[in-house]
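Beneath this line is the structure, given in structure tokens, with notes to follow.
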Amino acid sequence: MTEAELDRHIADYQQHGFTLLPDRIAADTLDRLVATTDRLMAGAAETDTDTGVLELDTGHTRAAPRVRRIKTPHAADPLYFETAASAALMQVVTRVIGPNVRLSHSKINTKSGSNGSPIEWHQDWAFAPHTHMGMCIAAVMLDDCDADNGPLMVMPGSHRGELLDHHDSDGYFVGAIDVVRDGLDLGRAVALTGRAGSVTLHHPMTIHGSAPNRSGRMRRMMFLEFAAADAFPLFYGVDWDDYMSRMVAGIGTSEVRTEPVYIKQPFPTRAPGSIFASQSQLRTRYFATTDAP
């Protein structure tokens with residue numbers, strides 16, 4: 001990527017809260033990622049319940065496996081960590097959050113070809129508050145992603161707004177925004193589509209979600225949450241050796257930078273675990289009640 005192209009993507013990110021990098025992952029790396037993901041997902045045919053690697057989707061059977069998430073893929077195979085630390089991603093990520101970068105979290109959300117699970121509208125900051133907002137989330141498309149198979153959808157400019165409440169009327173964390181209560185104009189939402197190997201980058205405050213997959217084709221997306229080395233999580237401890245092992249650029253530090261940011265912890269909760277568990281407690285759902293793309 002030329003410096004001019006990079007500058008344009010950074011400007012898009014700063015203005016809109018996201019940017020789309022077409023065909024960012026090299027074809028040979030993409031082939032390896034897909035093959036590795038296929039291998040991990042094949043394990044679903046041997047289990048009836050979630051495992052340490054796989055979170056199963058509604059309707060799963062061994063005869064007809066349905067996976068909705070690969071948990072912490074960078075711990076399941078080193079290829080995913082290599083991809084997170086690659087120049088293809090770090091060239092952009094370090095421009096967004098600085099030279100010293102930690103991989104905070106990773107996951108692969110998968111949508112089966114027959115109504116794969118949606119994810120309701122939310123902001124990532126609600127799930128993972130840190131001491132400052134030097135964070136960004138990369139989404140690597142492992143399959144072609146179009147309007148029919150549940151693309152990531154974002155609200156332009158929402159990163160400049162406030163953190164909306166992700167708790168229900170009883171005060172429990174449900175991991176989603178009440179779009180009616182907060183008056184969101186979802187007609188402004190943009191679907192981020194592209195060929196496999198394309199990458200999107202979004203701000204932790206950007207409002208986003210994704211509809212069910214109604215296409216009959218698989219849609220898999222690897223999410224890599226990056227944080228500046230001096231941004232520390234506020235609701236779980238740091239294992240120092242593990243922390244250092246997840247540095248993808250620059251050097252780690254025990255110095256903590258703080259900035260005045262609004263924080264509401266993702267507690268109390270009736271359903272600890274992934275976003276799917278949190279959102280299972282919702283009383284109303286946008287994607288279940290509309291014909292949103």
Problem set entry | Cleavage-rule hits, chymotrypsin sites (Phe, Trp or Tyr not before Pro), the stretch 194-242, DSSP coil, Cβ neighbours within 10 Å at most 10 | 236
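Quick check on the exposure proxy: order 245, 112, 274 from fewest to most C-beta atoms within 10 angstrom.
Fewest-to-most ranking of 245, 112, 274: 245, 274, 112.
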Problem set entry | Stretch in the chain that is longest and holds no GluC sites (Glu not before Pro) that DSSP places in a loop and that have at most 16 other beta carbons within 10 Å | 1-161
Seminar exercise, completed: Candidates 260, 118, 272; GNM for the chain (alpha-carbon contacts under 10 Å) flags as most fluctuating 260
Exercise. Top mean-square fluctuation among 239, 170, 38, Gaussian network model of the chain, C-alpha springs under 10 Å?
Worked result: 170
Problem set entry | Whole-angstrom gap from the stretch 200-271 to the stretch 135-150, using each part's C-alpha centre | 17 Å
Exercise. Over the chain, how many percent of alpha carbon pairs lie in each 10 Å bin up to the one with the longest distance?
Worked result: 6, 28, 39, 23, 4, 0
Problem set entry | Helix-only [θ]222 nm of the chain, DSSP H runs n ≥ 4, -39500 (n - 2.57) each, per residue, nearest 500 | -6000 deg cm²/dmol
Seminar exercise, completed: Under a Gaussian network model of the chain whose springs join Cα atoms within less than 10 Å, the largest fluctuation of 85, 26, 189 belongs to 26
Problem set entry | Mean separation of Cα contacts under 8 Å, 6 or more apart, over the residue count of the chain: relative contact order % | 27 percent
Exercise. Using DSSP loop states and a limit of at most 12 other Cβ atoms within 10 Å to flag trypsin sites (Lys or Arg not before Pro), what is the longest stretch of the chain containing no flagged site?
Worked result: 63-180
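Coordinate-derived values only; no laboratory data. Given the structure is predicted, the values throughout are model-derived calculations rather than measurements. Quick reminder, even Gly has a Cβ in these numbers, built from the backbone with ideal geometry, and neighbours come from all protein chains shown.
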